[in-house]
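Scroll down for the structure; my scribbles are underneath it.
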Amino acid sequence: MSTTGASASFMLRHPAHWLALGFGSGLSPRAPGTVGTLWAWLAFIVLDRWLGELQWAVVIAASLAAGLWACTLTARHLGVADPGAIVWDEVVAFWIMLWLLMPCDFWMQLAAFVLFRYFDAAKPGPVGWADRLFKLKAGQAIGWRQGLGILFDDLVAAGCALLLLALWITLWKI
């Protein structure tokens with residue numbers, strides 16, 4: 001995935017760019033998805049002091065809706081269907097994971113981070129399917145379908161990571 005065209009000046013041109021680029025975390029020259037996920041982890045820990053279960057549900061729902069808009073528009077402005085600099089998909093997916101796992105200790109959070117990054121980067125099985133589902137077709141303009149695709153494969157990656165964590169927790173307690 002290319003980050004071509006993504007820069008601090010690009011980010012400052014439109015509010016959608018701020019959000020899609022994870023408030024700058026997606027501008028990392030190396031592993032922007034990992035940096036975006038680390039930003040999500042830190043933001044969750046900070047915000048979790050003030051947000052309860054219901055507030056998190058609202059924040060996540062609003063973040064998904066705003067993310068669809070921001071990711072679509074930013075991809076269109078960059079001229080790339082799924083740019084690596086867009087990390088809002090990692091942010092929201094990892095927030096969902098932490099929201100469902102908390103309260104948990106640091107080691108469980110770290111395991112969630114590692115598993116999520118594995119599934120998001122390697123795209124095995126269902127994550128690869130989800131990634132291919134919304135790919136740009138020849139002659140097609142970048143639109144809402146690609147914006148949905150940017151978010152969808154990360155949500156599937158989070159689901160796969162959560163499934164493995166649930167199995168691990170279940171087997172560990174036996």
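Check segment 58-67 and report whether any residue there is farther than 17 Å from D154 by Cβ, touching a helix residue (DSSP H, G or I) at 6+ places or on another chain (Cβ under 7 Å) and in contact (Cβ under 8 Å) with a residue 12 or more places away in the chain. Checked against the condition, which is being farther than 17 Å from D154 by Cβ, touching a helix residue (DSSP H, G or I) at 6+ places or on another chain (Cβ under 7 Å) and in contact (Cβ under 8 Å) with a residue 12 or more places away in the chain, segment 58-67 yields no hits at all.
Residues that are closer than 30 Å to D105 by Cα and part of a loop (DSSP other than H, G, I, E, B) within segment 63-83 are absent altogether.
When A70, A81 are checked against the criterion of being touching a Lys or Arg at 6+ places or on another chain (Cβ under 8 Å), in contact (Cβ under 8 Å) with a residue 24 or more places away in the chain and surrounded by 13 or more Cβ atoms within 10 Å (Cβ to Cβ), A81 stands alone in meeting it. Of all residues in segment 84-107, those being under 14 Å from M11 (Cα atoms) and part of a helix (DSSP H, G or I) number 1.
Return a yes/no flag: does segment 102-112 have any residue that is open to solvent by less than 60 Å² (accessible area, probe 1.4 Å) and under 13 Å from the mean Cα position of the chain (by Cα). There is no residue in segment 102-112 that is open to solvent by less than 60 Å² (accessible area, probe 1.4 Å) and under 13 Å from the mean Cα position of the chain (by Cα). Screening I45, I60 for residues that are under 14 Å from the mean Cα position of the chain (by Cα), surrounded by fewer than 19 Cβ atoms within 10 Å (Cβ to Cβ), part of a helix (DSSP H, G or I) and of a type outside the set (F, W, Y) leaves exactly one candidate, I60.
In this structure, A93 does not qualify as open to solvent by 60 Å² or more (accessible area, probe 1.4 Å), within 14 Å of G33 (Cβ to Cβ), touching a residue at least 60 places away in the same chain (Cβ under 8 Å) and touching a Ser or Thr at 6+ places or on another chain (Cβ under 9 Å). Restricting the first member to segment 13-41 and to residues that are more than 11 Å from I86 (Cα to Cα) and at pLDDT 95 or above, and the second to residues that are part of a helix (DSSP H, G or I) and of a type in the set (K, R), the beta-carbon pairs closer than 9 Å and six or more apart or on different chains are A31/R117; T34/R117; T37/R117.
The values are calculated or read from the model by the stated rules, or taken from the named source; none is laboratory data. Remember, predicted model here, so these are calculated numbers, not experimental data. Heads up, the Cβs are rebuilt from the backbone with ideal geometry, glycines too, and the neighbour counts pull from every protein chain shown. Note: accessible area is taken over every heavy atom of the protein model, side chains too, but ligands, DNA and RNA are not part of it. Shrake-Rupley method; radii C 1.70, N 1.55, O 1.52, S 1.80 Å.
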